[in-house]
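Nothing in this text is a laboratory measurement; each read-out follows from the coordinates by a stated rule. These numbers come from a predicted model, not from an experiment. Note that we place each Cβ from the backbone using ideal geometry, even for glycine, and neighbour counts take in every protein chain shown.
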Amino acid sequence: MDGNSIRQVVVVGGGSAGWMAASALVRHLDRTCKVRLVESDEIGIIGVGEATVPHIRTFNAQALGLDEAEFVRATQGTFKLGIEFRDWARIGDRYMHGFGMVGHDPGPAAFHHYWLRLLLAGQDVGDIGSYQLQTAASRQDRFLPGATDVPPTSPLASVAYAYHFDATLYARYLRGFAEGQGVERIEGRVVDVELRPEDGFVSAVVMANGRRVEGDLFVDCSGFRGLLIEQALKTGYEDWSHWLPCDRAVAVPCARVGDPTPYTRSTARTAGWQWRIPLQHRTGNGLVYCSRFLSDDEATTTLLANLDGEAQAEPRPLRFVTGKRKQFWNRNVVAVGLASGFMEPLESTSLLLIQTAILRLLDMFPRQGIDPGLVARYNERTHFEYDHIRDFLILHYKAVERDEPFWRECREMTIPDTLRANIDLFRNSARFYRDGEEFFALQSWVQVMLGQRIVPKTYSPLVDRLSEAEVGAFVANVRQTIDRCVQAMPKHQAFIERHCRAPAVG
């Protein structure tokens, strides 16, 4: 380390965000750079059943070097192949957003164009999920992380999956990992933030016991309040509640009933939606809702009336404003997790945004003085990420046919031009084009738009080079291949029992 290097990094706040950040930083920074984390046992964390996307596997394995089976056991985890959406466009509807490929692309037209040709011709081809391995496996509660004894072209050769786990246990597990790597945990409550008079950079946080914790770079993981990024630096916040109107949630765990499913469930209710996240020891539940259309008492009653098993705690209320900070990196403070912004966990992006923020910070890690160009590029890339995920979430609310007041307002709202262009292009030509490095790709948009009843008027003319009989044979073969692969997969619970069963709780 030279004299111009960052010597002290202070992470303010624990929970998943804080300990993910501390774990990654201590593992990749020069050993002469001290990483400290400040958290208070007095301040609770928002630790619910957490659902993730496949990128968490890369973070755990490559950024941290965690053993998957050990991690799953320690967090009472299960595996996740996608998200099931119930009652969204219409009451009674059900579709899956499964991870991974849809069908098989012979090129250059994507598989859904072949399927769509048959659908528009009036053939009974089933829903698009019948041609998606993760969706088909979810419907039979089967799971396999991949197989080494199959051809590389087999859908089983590379299976995209993620996890469900207890967020509190994940933070606890990462704390042990980080402290073992050299992170110093400082217990206590921050009561003041000192700024350098010459440039407004944070110089130290002051604890309730009077201790000053100095740092060169601060990572704000203090949650919604944004202790550093907002309360100290007055960064500002961009409110998206006109597009994503839910502003409250109530969460409660319940007893596990039956084997855990290998998917998250999202069920639309009269003024929001309910999540269900199956863990090994319990099920995580919550209702996200708009307080203009549903009272807190009504929300709690609705949630408790729709649990699988007996509630295991008092329902916990949460309040939020969907949106993002106007800057994610301001001076020498980088906001991570809820301190950086909030988008409801409809597509399980909460931990993704923590993970990408940490990896982006590592990629752009500064020296003393902090290059403004790095800060600008960090903020630019993070705004891009947030904006595109925002559009994907709005899609779920906009493309509905339900007629309750809340859903009618969502259906009639004005949406971002970027989303309107994507919807119109898909409806008119069955096409979607990913914008650079945006997170959700073609497979995700196709499944959700079709699931939300956006059916294209036509398909790629390249499909017409084949006769309808040839297209039918190709599509049928893909479905048969998927069905055979699913039958080769064990039951989800059987896989857990064999490889990563957690010790009994209590």
Review point. Dipole of the chain (Lys/Arg Cβ +1, Asp/Glu Cβ -1, origin at the Cα centre): which of 101, 426, 451 lies farthest to the positive side?
Key: 101
**Study point:** Too-long pairs where the Cα-Cα distance tops 30 Å, listed order kept, from 80/398; 80/457; 398/457; 80/234
**Key:** 80/457; 80/234
Review point. Any idea how far the Cα center of the stretch 57-76 sits from the one of the stretch 289-314, in Å?
Key: 33
Check your understanding: Among 242, 97, 113, 55, which comes first, second and so on when ranked by fewest other beta-carbon atoms within 10 Å?
Key -> 242, 55, 113, 97
Check your understanding: By how many degrees, between 0 and 90 and to the nearest 10, does the Cα long axis of helix 167-181 differ from the longest principal axis of the chain?
Key -> 50
**Study point:** Relative contact order (%) - criterion: Cα under 8 Å, at least six apart; region: the stretch 355-506
**Key:** 17
Study note, to complete from the structure: Calc'd 3J(HN,Hα), the stretch 254-267, phi into Karplus 6.51 cos²θ - 1.76 cosθ + 1.60 (θ = phi - 60°), Hz, glycine/Pro = x, comes to 9, 4, 6, 10, x, 6, x, 7, x, 7, 7, 10, 10, 10
**Study point:** Centroid-to-centroid separation of the stretch 118-167 and the stretch 172-237 [C-alpha atoms, Å]
**Key:** 43
Review point. Which ³J(HN,Hα) values in Hz, rounded to whole numbers, follow from the phi angles of the stretch 423-430 under the Karplus curve 6.51 cos²θ - 1.76 cosθ + 1.60, where θ = phi - 60° and Gly and Pro get x?
Key: 5, 5, 5, 5, 4, 8, 9, 6
Check your understanding: Cα-based Rg of the stretch 1-128 per 2.2 N^0.38 Å, rounded to two decimals?
Key -> 1.62
Practice item. Would you give the gap between the C-alpha center of the stretch 386-448 and the C-alpha center of the stretch 466-495, rounded to a whole Å? Key: 28
Review point. Where does helix 442-451 land angle-wise versus the long Cα axis of the chain, in degrees 0 to 90, nearest 10?
Key: 60
Practice item. Run the dipole for the chain about the Cα centre, Lys and Arg Cβ at +1, Asp and Glu Cβ at -1, nothing else charged, and hand back the magnitude in debye, nearest 20. Key: 340
